[in-house]
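Below is one structure; the comments refer to it alone.
The values are calculated or read from the model by the stated rules, or taken from the named source; none is laboratory data. This structure is a prediction, so every number in the text was calculated from the model and none was measured. Heads up, the Cβs are rebuilt from the backbone with ideal geometry, glycines too, and the neighbour counts pull from every protein chain shown.
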Amino acid sequence: MFSSISVATLLAAGSLLGQTPAFEVASIKPSEPITPAMVASGKLHAGVKIDGKRVDMGNASMMQLICRAYDVKTYQVSGPSWMQGAGLTGLRFDIVANLPEGATKEQVPQMLQNLLAERFKLAIHRDSKDQAIYAMVVGKGPLKIKESGAPPAAPDGALPNPAVTGSSSVSISQTKSGAVVSDGTGKSQKMTPSPDGKSMLFEITGATLAELAEGLTPMSDHPIVDMTGLAGKYDVTLEISMQDLLNAARAAGAAVPPPAPADPSKPAEAASEPGGSLFTAIQALGLKLEPRKVPMPQIVVDHVEKTPTEN
């Protein structure tokens, strides 16, 4: 009898382990466009928050959802341009889902894969190709970044909620000189425009160098990949020209006016070289960018719907 029960138990356990993990229930709705009033009132709904059994993804483009589901970067995904969710009319989604009993945050990507396949009819295949990149490596001079300290204590001595894991819920606060973007996990980015408006000072706290490389990639003509070998989280200060920032925003589809035509009566300003401001800023940190060509895994989107099936 015991032998029969043991065999049945093993078969049942094997069946459960072989099941494809899926959210218990999920709601998908179009995101509201982000407005200055929404930011000022603190009602911005963006980023990811996993709190107990509840998974909340706000203002996510299809590209961001695919990247999170398959643990890849945007430059590793090819598909329709609308997936970027760029511009005021770009397609973005709010997803609220419940985890099944016993599920862990490590299973969320697989569950998201299944959700995208079921509700958006996402079909992909994997590939690999040689890709031109910039490898971010340690330069010859001293490093001018410092390791981040411990994150600030919770207000009033409150203990952190152990159920909140894997979160990156975005908030934006305005300051007298600029703005601060925080993800709720100790990582923040303060942005301050220069008095003449020609550059932006970034003060980044609690970021890995892999995150820094990914964040700088939109301002480069090739993906930037961290190959420093440095672990941990760092505080980084760097200055980027406003021209490079606006060019990156235009390339991403943001509604940024084109640059004003040059006034022939005034001397022309020297045009910045591609990535010039960025290269200089990174060198100032004691790092450098080296052009390389490396094999890169790819996610190729064969089919995806713009509108999910009904909740």
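Okay, residues lined up against (1) polar (S, T, N, Q); (2) modelled with pLDDT of 90 or more; (3) within 17 Å of the chain's Cα centre (by Cα):
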position	(1), (2), (3)
Ala213	no, yes, yes
Val225	no, yes, yes
Leu230	no, yes, no
Val236	no, yes, no
Gln243	yes, no, no
Pro259	no, no, no
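Identify, please: which residue in the stretch 51-84 is more than 13 Å from the chain's Cα centre (by Cα) and within 21 Å of Ile172 (Cβ to Cβ) and is, among those, surrounded by the most Cβ atoms within 10 Å (Cβ to Cβ)?
Among residues in the stretch 51-84 that are more than 13 Å from the chain's Cα centre (by Cα) and within 21 Å of Ile172 (Cβ to Cβ), the one surrounded by the most Cβ atoms within 10 Å (Cβ to Cβ) is Asp56.
Of all residues in the stretch 185-203 being part of a strand (DSSP E or B), under 20 Å from Ser171 (Cα atoms) and touching a residue at least 40 places away in the same chain (Cβ under 8 Å), which is farthest from the chain's Cα centre (by Cα)? Even if it seems obvious, please write down each step before you answer.
Initially, the stretch 185-203 is screened for residues part of a strand (DSSP E or B), giving 188-193, 199-203.
If we keep only those that are under 20 Å from Ser171 (Cα atoms) as well, we get 188-193, 200-203.
Pick out the ones that are also touching a residue at least 40 places away in the same chain (Cβ under 8 Å) and you get 193, 200.
Details: Pro193: 23, Met200: 20 Å.
Among residues in the stretch 185-203 that are part of a strand (DSSP E or B), under 20 Å from Ser171 (Cα atoms) and touching a residue at least 40 places away in the same chain (Cβ under 8 Å), the one farthest from the chain's Cα centre (by Cα) is Pro193.
Name the pairs whose Cβ atoms lie under 6 Å apart, with the first residue in the stretch 98-117 and over 10 Å from Phe23 (Cα atoms) and in contact (Cβ under 8 Å) with a residue 24 or more places away in the chain, the second part of a loop (DSSP other than H, G, I, E, B) and not charged (D, E, K, R), and 6 or more positions between them or separate chains?
As it stands, the answer is Lys105/Thr165; Lys105/Gly166; Leu116/Leu122, since those pairs meet every condition given.
Step by step: first the residues of the stretch 87-125, then only those that are of a type in the set (D, E, K, R) and more than 21 Å from the chain's Cα centre (by Cα), then the one that is surrounded by the most Cβ atoms within 10 Å (Cβ to Cβ). Which residue is that?
In the first step, residues of the stretch 87-125 are kept if they are of a type in the set (D, E, K, R); the result is 92, 94, 101, 105-106, 118-119, 121.
Subset that is more than 21 Å from the chain's Cα centre (by Cα): 101, 118-119, 121.
Numbers: Glu101: 7, Glu118: 14, Arg119: 18, Lys121: 12.
Restricting to residues being of a type in the set (D, E, K, R) and more than 21 Å from the chain's Cα centre (by Cα), the top hit is Arg119.
Which fully enclosed helices (runs of 4 or more DSSP H) of the stretch 23-119 have 3 or more residues being farther than 30 Å from Met296 by Cβ?
Numbers: elements: 36-40, 62-70, 108-119.
It comes to 36-40.
Restricting to the stretch 23-50, name every residue that is of a type in the set (A, V, I, L, M, F, W, C) and either surrounded by 14 or more Cβ atoms within 10 Å (Cβ to Cβ) or more than 18 Å from Asn114 (Cβ to Cβ) (or both).
Going residue by residue through the stretch 23-50, those that are of a type in the set (A, V, I, L, M, F, W, C) are 23, 25-26, 28, 34, 37-40, 44, 46, 48, 50.
Correct list: Phe23, Ala26, Ile28, Ile34, Ala37, Met38, Val39, Ala40, Leu44, Ala46, Val48, Ile50.
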